[in-house]
Structures are given as C-alpha cells and as structure tokens.
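These notes are about the structure you will find just below.
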Amino acid sequence: MNISKRKQNNTINEGGRSKTPFVAHLYSFMVILIIIGFCLGEVLLAPEKKKVSRDEVVYSGEFTQVTDDGGRVDGIVFPANLLKSEDVYVIETILPNPVYEKNSFCFNASHSAVNMYIKDAADFGNNVRGDLVLSYDNSGFVLFGNSNASRLLFLDMKKEMSGKVLRIEVSSKTIYAGRMLECYYADRAEIWEYMVQTRISSVIL
C-alpha cells in the first residue's frame, strides 16, 4: 500500500516538474512579446515629432577670411574650398553675446585638419591667434588616405566666450581640396538630430 502511494506521489511530482519548464518558457515568451509590442507602438503609433529645421541649428553669424598678408575678405559663403593641398584657410567670426552654455559650435570639415582659437574682439581680422580651444588632425591614423572624408567637430560654449572672436584655421594634407562645410550653433542633440534627418547616409558612413 505504501509502495503504491510513493509511486503515485512520484508520478505527480514528475508531472509537476515536466509542466514547470513549459510554464516558465511561456511566461518569458509573453513578456518578450509585450516588450516588443511596446517598442513598436512607441515607434509606429507615437505622435509625430516636430522636425528640427535648418534655421534652428545653422550658425547665423558672419565669417571673414583672414589672409596671410593681413587682408580681409568679408561674407564667406559655405561650402568654401581650399585652393590647393597644404594651404591654410583662416576664417573668423564674433560669437553671440551672451552665448548659451548648453549650445555647441559645430563645424563640418572635409579632408581637413582644424584648429580653433578664442581671442578678444579687438583682435578681429588680424593674424593674432589667441587661445587654442580645439584641435583636430587625424592624418596618419586612418586606414585609407591621409584624413577622414568628413568630420563633425563640436566646441562647447562657455560664458567667457561671449562676444569673443572664434578663429578657425583649416588645412588640407591631401591631394583633394579641403572643404569647409556648414557651421552649426545649437544644442548638440538638436544638431545630431538635424544631421540624421538630412544626411542619414553621411552620418552612417
């Protein structure tokens, strides 16, 4: 009699053990489905988000080219090309007063090495460099060629930069003419969002 009860209990326990993994897997599968459904709903059914416009992110200040002999060329329009390899192209602009610390100045350079300086407004348009605040030159560190085809450089704004001169020196170390593309002045996230909206292929590449 005791033997038969033990067999019966063992059968029940074995049955319980055989059902438990199935229930656990079913529960996990349902949780995964709920998560996937929630994510799809957020993407497909969320209210349409306002796109970032060009006017919201493009820098509206004017640029002046400073030549080696101290000459000035006002009203530089982007994109601007370097004349030939090894040239140094210098432009300056007076930053807003005040600048917003949450904003960044973003410079899109192609086939170029870039140095950025901050100096006093009294030195605008001359060959005084000022304080170096950003430098980028990856020549020799790329798999193919001499420099990246395109690069976004971000300079975070600080209060002490208000009304100062931003000097940008661009040089090309390739057989291609370096290109100075658009400049942006906005929150970094907004700039990236605008770039993804308008130039998704170049951002991915």
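Throughout, read-outs are computed from the coordinates displayed, never taken from laboratory work. No experiment lies behind these values; they were computed from the predicted model shown. Note that each Cβ is placed from the backbone with ideal geometry, even for glycine, and that neighbours are counted across all protein chains shown.
Suppose the chain between A122 and K51 were pulled fully straight at 0.36 nm per residue; how much longer would it get relative to their current alpha carbon spacing?
Numbers: separation 71, 0.36 × 71 = 25.56 nm, distance 3.89 nm.
Extending this stretch completely gives an extra 21.7 nm.
By the count of other C-beta atoms within 10 Å, a proxy for reagent exposure, I32, I191 are ordered fewest to most as I32, I191. Working ranking of peptides 61-74, 116-129, 156-169 by packing, defined as the average number of other Cβ atoms within 10 Å per residue, highest first, is 156-169, 116-129, 61-74.
With a Förster radius of 25 Å, plug the Cβ-Cβ distance of Q197 and S60 into 1/(1 + (r/R0)^6) and report the FRET value to the nearest 0.05.
0.80
Bridgeable aspartates and glutamates around K159 (alpha carbons under 12 Å apart, same-chain partners fewer than 8 residues away excluded): E101.
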